[in-house]
Amino acid sequence: MKEKTGKLSVPFAVQTIGLTKTYKEKSVVKDLNLNVRQGDIYGLIGRNGSGKSTTLKMIGGLVRPSEGEIRLFGKPVGDPLVRRRFGVLIEEPGLYPNMTARQNVVMKAKCIGLADEKSVDGVLEMTGLSDTGKKYVKHFSMGMKQRLGVALALLGNPDLLILDEPINGLDPEGIQELRRLILRLNEEGKTILISSHILGELSKISTNYGIIKDGEMMEQISKEELEERCQDYFEIRVQDVHRALPLVQESFASVRTEVADRQTIRIFGLTDGADVVRVLVENRVPVHASGFHHMDLEEYFLARMEGGRKYV
Ligand code: ATP
Ligand code: MG
């Protein structure tokens, strides 16, 4: 895959190599290579049942892989030095309903051997839960519960946060709050690996995407590459692509062309399509149809998730 050269020197926070999980002879994650660089907000996107949670559970050390390798910060996932560098929120956060936010955080802090009050207050502050006082978690809104889940994952100040569908079930305001929190944590230097089955939830924050379908990685793509692919283009349908293509390329040096099929050429970087049609017709290459198109993000992802070409 093409990568921006500047990023190549950034070390990986997460790297899986041939990661596979098989349940009763059914592979639900297949030979998955996933690469998250430090500082990324990596959005793992796929339909229900595509293997997102299983993948994140394996990365978080909660499920044992059947095959393959996981490296976190360049080290095997079981390495004790690595254990403290990541926090996970997978599926429902395990919250105690008859306790306050603070009591929940204190409980988890004790479990992981963190005794200081400062880190408890710190994560409550960061997730906007400092003022919830004596309110029991059972009376929390969905958004508050999710934020408390993130607070628990933040204990120990991890460098990597693994968040499985944290936006699930939130209202628009809750989504916005959580997005802002994720962006802030990322600005403070944390790497985020987040999953969703809804593109709109990820597209406002992700710097990179992994598209997963039936347990397979269909494509890993950076935000910049995605934007490049989703540019407007002028499409022409001609009888003979082999004659038309050189003519377009010679006459319009600054454009980028792509042959979509035997009769279709896509031209990127054009403002006016009429000139293209004129040049072709003048050179006796009949144009059957032409027009501007826009590929939006949603279309792009749907095409990939529906099993379009595999680009890895
Ligand atoms: P969703 O968007 O619904 O959360 P997902 O992408 O997180 O889906 P997974 O939960 O990873 O998908 O599940 C992938 C597949 O693995 C599903 O077919 C699921 O039924 C199966 N699966 C998950 N856990 C187990 C298990 N413990 N035993 C057997 N099959 C499992
Ligand atoms: Mg899931």
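The values are calculated or read from the model by the stated rules, or taken from the named source; none is laboratory data. Bear in mind that the values here come from a model prediction, so they are computed numbers and not experimental data. Reconstructed Cβ throughout: ideal geometry from the backbone, glycine too, with neighbour counts over all protein chains shown. Note: accessible area is taken over every heavy atom of the protein model, side chains too, but ligands, DNA and RNA are not part of it. Shrake-Rupley method; radii C 1.70, N 1.55, O 1.52, S 1.80 Å.
How far apart, in nanometres, would the label points at Glu187 and Lys26 be if each is projected 7 angstrom from Cα along the Cα-to-Cβ direction?
According to this spin-label approximation, the distance is 4.4 nm.
Rounded to whole Hz and in sequence order, give me ³J(HN,Hα) for the range 160-173 from the Karplus expression 6.51 cos²θ - 1.76 cosθ + 1.60, θ = phi - 60°, writing x for Gly and Pro.
10, 10, 10, 10, 9, 6, x, 8, 3, x, 8, 7, x, 5
Non-local amide H neighbours of Met99 (under 5 Å, H modeled in plane, Pro and chain starts lacking H): which ones?
Distant-sequence amide H within range of Met99: Val137, Lys138.
Among Met107, Met217, what's the order by accessible area (1.4 angstrom probe), most exposed first?
Values: Met107 70, Met217 10 Å².
Order by accessible area, largest first: Met107, Met217.
Leaving ligands, DNA and RNA out of it, report the carbon-plus-sulfur percent of the accessible area of the range 167-229 at a 1.4 Å probe. Provide the component values of the computation, followed by the final result.
Numbers: 1120 of 2610 Å².
Carbon and sulfur together cover 43 percent of it.
Could you sort 274-281, 40-47 so that the peptide with the highest average Cβ count within 10 Å comes first and the rest follow in order?
Details: 274-281: 15.0, 40-47: 23.4.
Most protected by this proxy first, the peptides run 40-47, 274-281.
I need the peptides 203-213, 78-88 ranked by packing, meaning the mean over residues of other C-beta atoms within 10 angstrom, with the highest value on top. Present the calculation step by step, with values, prior to reporting the outcome.
Numbers: 203-213: 21.0, 78-88: 15.6.
Highest-to-lowest ranking by the protection proxy: 203-213, 78-88.
When only Cα pairs under 8 Å and 6 or more residues apart are kept, what is the percent relative contact order across the range 179-243?
Working: 28 pairs, mean separation 11.4, N = 65.
Reported relative contact order: 18 percent.
Roughly speaking, what is the centre-to-centre gap between the range 195-251 and the range 52-93 when only Cα atoms are used, to the nearest Å?
Taking the Cα centre of each part, the range 195-251 and the range 52-93 sit 30 Å apart.
Would you calculate a helix-derived [θ] at 222 nm for the chain, using -39,500 (n - 2.57) for each DSSP H run of n ≥ 4 and dividing by the full residue count, to the nearest 500? Each step should come with its number before you reach the end.
On the way: 12 runs with 107 residues, N = 312.
The helix-only estimate for the chain comes to -9500 deg cm²/dmol at 222 nm.
Determine ³J(HN,Hα), in whole Hz, for all residues of the range 142-148 in sequence, where each value follows from phi through the Karplus function 6.51 cos²θ - 1.76 cosθ + 1.60 and θ = phi - 60°; x replaces Gly and Pro.
4, x, 5, 5, 5, 5, 5
Given 0.36 nm per residue, what is the gain on full extension from Arg229 to Leu297 after removing their alpha carbon distance, in nm? Provide the component values of the computation, followed by the final result.
Working: separation 68, 0.36 × 68 = 24.48 nm, distance 0.91 nm.
The span from Arg229 to Leu297 would gain 23.6 nm if fully extended.
Say the cut-off is 32 Å between C-alpha atoms; which of Lys21/Lys145; Lys75/Lys118; Lys135/Lys223; Lys21/Lys118; Lys75/Lys134; Lys75/Lys108 go over it? Provide the component values of the computation, followed by the final result.
Details: Lys21/Lys145 30 Å; Lys75/Lys118 29 Å; Lys135/Lys223 40 Å; Lys21/Lys118 39 Å; Lys75/Lys134 41 Å; Lys75/Lys108 25 Å.
Over 32 Å Cα-Cα: Lys135/Lys223; Lys21/Lys118; Lys75/Lys134.
Would you be so kind as to identify which of Thr207, Val105, Phe12 lies farthest towards the positive end of the dipole of the chain, taking Lys and Arg as +1 and Asp and Glu as -1 on Cβ and the Cα centre as origin?
Toward the positive end, the furthest listed residue is Val105.
So who's got an amide H within less than 5 Å of the one on Leu32, skipping anything under 5 residues away but keeping other chains? H placed 1.01 Å off N, in plane.
Gly18, Leu19, Thr20
Could you pull out every one of the aspartates and glutamates with an alpha carbon less than 18 Å from that of Lys57, ignoring same-chain neighbours closer than 8 positions?
Filter leaves Asp31, Glu67, Glu69, Asp79, Glu91, Glu92, Asp159, Asp164, Glu165, Asp214, Glu216.
Where only protein heavy atoms count, and the probe is 1.4 Å, what is the accessible area per residue for the chain in Å²? Mind dumping the intermediate values first?
On the way: 16120 Å² over 312 residues.
Normalised by residue count, the accessible surface of the chain is 52 Å².
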